[in-house]
Amino acid sequence: MVRMSLDELYKEVILDHYRTPRNRGRLDPHDVKLERNNPLCGDELELYLKFDGEDLVGVAFEGKGCSISMASASMMTEKVKGLDVKQARAMAESIKRMMAGEEPGDINELGDLVSLKGVVKYPVRIKCALLGWNTLLEGLDEVP
Ligand code: ZN
């Protein structure tokens, strides 16, 4: 068996999402569409959300930017689709804590998302990793 360091494993997860983004594209119909960017890096993101009551039944994104911003957005869509607003918000807050170098809470619940933790070492990239999550939090405030 090939032994991989945790850093390498995390890198693989990020590259996989960058190369094969999940839930990429426009979502029609949608309830919320937000466009946000990260001028520090030039990352651009369009986020589409569709709700059924309190449940987030559809999440999709479009955009262009660095591998971390796009991979993080892809992971975010995969992770929060199907959650209710409260759960999705809690997950975004966990990620924000993790990226601030604090305890994220239940690491098992985060799954692959812990791969983003490696980014904490590169402060300039933290905004890249959080672009999708911050946009999601804003979108959740607009639940119809
Ligand atoms: Zn970036």
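The values are calculated or read from the model by the stated rules, or taken from the named source; none is laboratory data. Here the structure is a predicted model, which means the values were calculated and not measured. Don't worry about glycine lacking a Cβ; one is built from the backbone with ideal geometry, like all the others, and counts go over all protein chains shown. Accessible surface areas use protein heavy atoms only, side chains included; no ligands, DNA or RNA. Shrake-Rupley method; radii C 1.70, N 1.55, O 1.52, S 1.80 Å.
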Given the C-alpha centroids of region 1-70 and region 71-144, what is the distance between them in whole angstrom?
11
Protein accessible area in the chain, 1.4 Å probe - carbon and sulfur %:
50
Along region 57-74, Karplus-curve 3J(HN,Hα) (6.51, -1.76, 1.60; θ = phi - 60°) to the nearest Hz, with x for Gly and Pro, reads 8, x, 9, 8, 9, 10, x, 9, x, 6, 4, 5, 5, 6, 5, 5, 5, 4
Can you tally the net charge around R26? Count Lys and Arg as +1, Asp and Glu as -1, for every other residue whose Cβ sits under 9 Å from the Cβ of R26.
-2
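Multiplying the sequence separation of E54 and A90 by 0.36 nm and subtracting their Cα-Cα distance, what value in nm do you get?
Gain on stretching E54 to A90: 11.6 nm.
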Take region 6-140, compute every pairwise Cα distance, and split them into 10 Å bins from 0; I just need the percent in each bin.
13, 49, 34, 5, 0
How far is it, in nm, from the label point at E103 to the one at K33 when both lie 7 Å from their Cα along the line to the Cβ?
4.3
For the chain, give the magnitude of the charge dipole about the Cα centre (Cβ charges: +1 Lys/Arg, -1 Asp/Glu; no others), in debye to the nearest 20.
540
For the peptides 10-21, 132-143, what is the packing order when you average, over each peptide's residues, the other Cβ atoms within 10 Å and list the highest mean first?
132-143, 10-21
Each label point is 7 Å from the Cα along the Cα-to-Cβ direction; what then is the distance between the points at S5 and R26, in nm?
4.4
222 nm [θ] for the chain, helices only, -39500 (n - 2.57) per DSSP H run of 4+, per residue, to 500?
-14500 deg cm²/dmol
Let me check against my output: what whole-number percent is the relative contact order of region 6-140, with C-alpha pairs under 8 Å and at least 6 apart?
28
Percent antiparallel among DSSP beta bridges confined to region 6-140, nearest 5, equals 95
Near N37, within a Cβ-to-Cβ distance under 11 Å, what is the net charge of the other residues, with Lys and Arg +1 and Asp and Glu -1?
-1
Per residue, how much accessible surface does the chain expose to a 1.4 Å probe? Answer in Å², no decimals.
54
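Counting Lys +1, Arg +1, Asp -1, Glu -1, what net charge surrounds Y48 among other residues with beta carbon under 11 Å of its beta carbon?
With Lys, Arg at +1 and Asp, Glu at -1, the neighbours total -1.
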